[in-house]
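Engineer: A single structure is presented below for examination.
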Amino acid sequence: MTGIRRTATVAALLFALPLPVVAAAPALAAPTAPAPGTAPAAAPARPTVPAGVHVDLPRPTGPYAPGREILHLVDHNRPDPWVPAAGPRQLMVSMYYPAKKGTGGPAPYMTPDAARLMLDVKVPGNTIPTEVVTGTRTWAKSQARPQPGRFPLVVLSPGFTMPRTELTSLAEDLTSRGYIVALIDHTYENTGTTFPDGQTLTCVMCDRPKSPELWAALNESRAKDVSFVIDQLTTHRHPAWRYARMIDRDRIGMAGHSVGGSATVPALLTDDRIRAGVNLDGTMDVPVPATGLKGKPFLMIGHPLGGGREDPSWTESWTHLDGWKRWLTVAGSHHATFTDLPLFFEKLGLPEPPGTTIVAERGVQLTREYVAAFFALHLKGIDQPILNGPTPENPEISLHP
């Protein structure tokens, strides 16, 4: 929320903060020489962690094995909003789907260029080997055979400056519970997006002056990205994804972290296909209007701001929500708790903000559990008592009255 996303300086949050990066290239064609904004030739990093150190993502909890494919989508009806010279808006999307166990091969966490850019930009004077990130143990399998049947679709949007991989644990777990997940990289809004031609575009928006108008524009652009992805997966005669038949078009939800979470508001307002939304610790840059969200259910999960304070955008939006709603606070958490990032903080020995008491895997577990419960209730119609009040099993969770 506001106090962390825009002003925090704690060392452990360097991964989550928008630090300056060079401007991105205006085109996606692979240049003969490194172009401005593309990933430069890799220089060997000076290791500061033992060789072979890597992160293991927590095992998914559902009965299905997650499969994963990567899509490159081009919106020929919309120029890129941040770099118009680049031509049509282009997106990279990780598609997760319930797969047959024992099929497929390992799905890498992220590309080497994207991982190196993230580390170099987010950790000043970086000496962390890229392999610490690229060697992350995931549970999804590439080229895995799909399960029969049709499943609800959940679209995930990451935080500002962060690649889509920050929500990998959540994506894998939702998939294991019987969902299709579309995890979007919003081009030019994160440290690095790698395209099929091998070019990795950087974050044009990271060092632009921030204003309420720009935050709102980022939200509204993400809502358009989400609707375009849903179009490509569900409404075309020849869908962009070969397993699109697995998607139940009548059961679609969206969730996101930080700006990705706040972008669920304009997405729910403008796309009637999206039935329910989750905001993971994102300031409401586009507040819920006084007329509500057309009765659509909405879940807000955040970290405590301290001193009994509340994010004013949440307080205002809460009163306008006109459907099923919950506002959960996770004691001992911080802005990045709802992502994979603390798993890296712990492995690398990076300090976390004062007041943090929740360990990384517990944060992942709670995020998975409550997001999955929300979608089970609103996309599958399965009652979820966990959403009705505090439970002895999860003492960290409190409900806003």
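What follows draws every value from the coordinates through simple rules; no lab data is involved. Fair warning: this is a prediction, and the values are worked out from it, not measured in the lab. Every residue, glycine as well, gets a Cβ built from its backbone with ideal geometry; the counts of neighbours run over all protein chains shown.
Engineer: At most 14 other Cβ atoms within 10 Å and a DSSP loop assignment: could you name the trypsin sites (Lys or Arg not before Pro) in region 120-178 that fit?
Structural biologist: The qualifying sites are Arg150.
Engineer: Same structure, new question: How far apart, in nm, are two points set 7 Å out from the Cα along the Cα-to-Cβ line at Glu213 and at Lys294?
Structural biologist: Reported label-point gap for Glu213 and Lys294 is 2.8 nm.
Engineer: So between Ser142 and Arg242, what do we pick up on full extension, going 0.36 nm a residue minus the alpha carbon distance?
Structural biologist: Full extension of this stretch gives 34.6 nm more.
Engineer: Once you order the gyration tensor axes a ≥ b ≥ c over the Cα atoms, which shape class does the chain get: rounded for a/c under 1.5, otherwise prolate or oblate by comparing a/b with b/c?
Structural biologist: Rounded.
Engineer: A further question follows. From the helices alone, meaning DSSP H stretches of at least four residues, give me the mean residue ellipticity at 222 nm for the chain, per-run term -39500 (n - 2.57), in deg cm²/dmol to the nearest 500.
Structural biologist: -7000 deg cm²/dmol
Engineer: If you don't mind, there's one more thing I want to ask. Sort Phe195, Phe338 by Cβ crowding within 10 Å, fewest neighbours at the top.
Structural biologist: Lowest to highest Cβ neighbour count: Phe195, Phe338.
Engineer: Run the count for the chain, please: Lys pairs, Cα-Cα under 20 angstrom, 8 or more apart or on different chains.
Structural biologist: Value for the chain: 11.
Engineer: Rank these for me by crowding, Tyr97, Tyr370, going from fewest to most other beta carbons within 10 Å.
Structural biologist: Tyr370, Tyr97
Engineer: While we're looking at this one, here's another question. Taking region 221-319, which trypsin sites (Lys or Arg not before Pro) meet the DSSP loop condition and have no more than 13 other C-beta atoms within 10 Å?
Structural biologist: Loop-located and lightly packed - Arg237, Arg242, Lys294, Arg309.
Engineer: Note down the net charge around Thr357, summing +1 for each Lys or Arg and -1 for each Asp or Glu among other residues with Cβ under 14 Å from its Cβ.
Structural biologist: Computed value for this residue: -3.
Engineer: R0 = 35 Å: FRET efficiency of Leu305 with Val53, Cβ-based, nearest 0.05?
Structural biologist: After rounding, the FRET efficiency stands at 0.55.
Engineer: Sorted from fewest to most neighbouring beta carbons within 10 Å, what does the list Lys325, Lys296, Lys210 look like?
Structural biologist: Lowest to highest Cβ neighbour count: Lys210, Lys325, Lys296.
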